[in-house]
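Take a look at the structure set out below.
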Amino acid sequence: MSSPLIVLPQSKCTSLLQEALALIQHLSSFLEHLPPLYAYLALGGIILLESTGVPLPAESLLIFASLYASHTHHLTPENLIIAAISGAVIGDNIGYLIGYQLGYRLMEKHGHKVGLHYDRIVLGRYLFRRYGGIGVLVGRFVAFLRILIALLAGASRMPWHSFTFYNALGGTLWGLCYVLIPYELGSQIDSFTGPVGLGFAAFMLSLLVGSFFLLRHHEKTLIRRALIDEKRLKAKKSRKRPSLRKDSSK
């Protein structure tokens with residue numbers, strides 16, 4: 001069954017757009033009075049914390065900072081890329097160590113405090129069994145996995161050298177894409193003015209909201225597959241245990 005197309009009413013789009021523009025104006029005025037070095041350090045720190053498992057809007061802030069840089073040149077895309085990659089790679093390595101030390105038992109007990117519910121832990125195990133290091137690379141670009149992927153990799157005892165390679169590759173591609181694409185879009189958006197500009201902005205907002213619901217839909221689909229696979233593995237292990245007991249009694 002295909003996922004439904006998310007279509008927002010025009011009044012709702014306009015309302016969301018006005019709220020977004022108000023927030024952007026507040027953030028812009030704040031950044032104008034903030035030394036660039038502090039802005040880079042703050043952004044890198046937020047990305048680092050998100051990558052260790054703390055739910056923060058790092059991706060949205062990076063996109064905004066890139067759009068802001070394209071209009072004001074108060075920030076540079078080169079330094080934004082450095083902040084993004086550094087925060088992502090360092091934060092993921094910290095998250096890996098936390099997951100490696102705590103393991104799945106403590107994550108199952110306390111993970112819900114940071115959004116790491118049992119279903120998502122099962123999903124992480126399923127992705128690493130099926131895709132290995134590619135799961136780390138792809139997880140960097142998926143909203144609900146980006147926060148948890150390093151913790152899950154550590155808890156799954158993924159080899160550190162393999163994790164480091166895919167993590168560095170994913171962090172680099174993520175930093176480049178989420179800085180350069182919004183920066184280029186921001187540089188060209190001034191050519192859209194009047195009703196065309198408003199329509200374009202409303203379309204982009206609808207696309208972002210629709211993407212969020214689409215990701216949530218795919219998350220639920222993946223979780224269902226992961227739970228089925230987890231039950232299959234547990235059943236397989238339970239069938240092996242009696243045979244092992246028989247062998248040991250001989």
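The residues on offer are GLY170, GLY124, and the sole one that is out of contact with any Gly (no Cβ under 6 Å at 6 or more places or on another chain), open to solvent by less than 30 Å² (accessible area, probe 1.4 Å), modelled with pLDDT of 80 or more and not polar (S, T, N, Q) is GLY170. Across the range 48-62, the qualifying residues are those that are part of a helix (DSSP H, G or I) and of a type outside the set (Asp, Glu), and the one among them that is surrounded by the fewest Cβ atoms within 10 Å (Cβ to Cβ) is SER60.
Report yes if some residue within the range 114-121 is buried (at least 19 other Cβ atoms within 10 Å of the Cβ) and modelled with pLDDT of 75 or more; otherwise report no. Within the range 114-121, one or more residues are buried (at least 19 other Cβ atoms within 10 Å of the Cβ) and modelled with pLDDT of 75 or more.
Would a scan of the range 88-101 turn up a residue that is of a type in the set (Val, Ile, Thr), open to solvent by less than 50 Å² (accessible area, probe 1.4 Å) and over 23 Å from LYS220 (Cβ atoms)? Yes, there is a match, as at least one residue in the range 88-101 is of a type in the set (Val, Ile, Thr), open to solvent by less than 50 Å² (accessible area, probe 1.4 Å) and over 23 Å from LYS220 (Cβ atoms). The residue list GLY186, GLY175, GLY210 contains one member that is surrounded by 15 or more Cβ atoms within 10 Å (Cβ to Cβ), over 30 Å from ILE94 (Cα atoms) and modelled with pLDDT of 60 or more, which is GLY186. From the list PRO55, PRO35, the lone residue that is in contact with a helix residue (DSSP H, G or I) (Cβ under 7 Å, 6 or more places away or on another chain) and at pLDDT 65 or above is PRO55.
Comparison of GLY53, GLY45, GLY95 shows that the only residue that is at positive phi, within 17 Å of the chain's Cα centre (by Cα) and in contact (Cβ under 8 Å) with a residue 12 or more places away in the chain is GLY53. The criterion of at least 2 residues that are of a type in the set (Gly, Ala, Ser) is met, among helices (runs of 4 or more DSSP H) falling completely within the range 68-160, by 77-110, 133-139, 149-155.
The values are calculated or read from the model by the stated rules, or taken from the named source; none is laboratory data. What you see is a predicted model, and the numbers here were worked out from it, not measured in a lab. Ideal geometry is used to build each Cβ from the backbone, glycine not excepted, and the neighbour counts take in all protein chains shown. Just the protein is used for accessible areas: all its heavy atoms, side chains included, with ligands, DNA and RNA removed. Shrake-Rupley method; radii C 1.70, N 1.55, O 1.52, S 1.80 Å.
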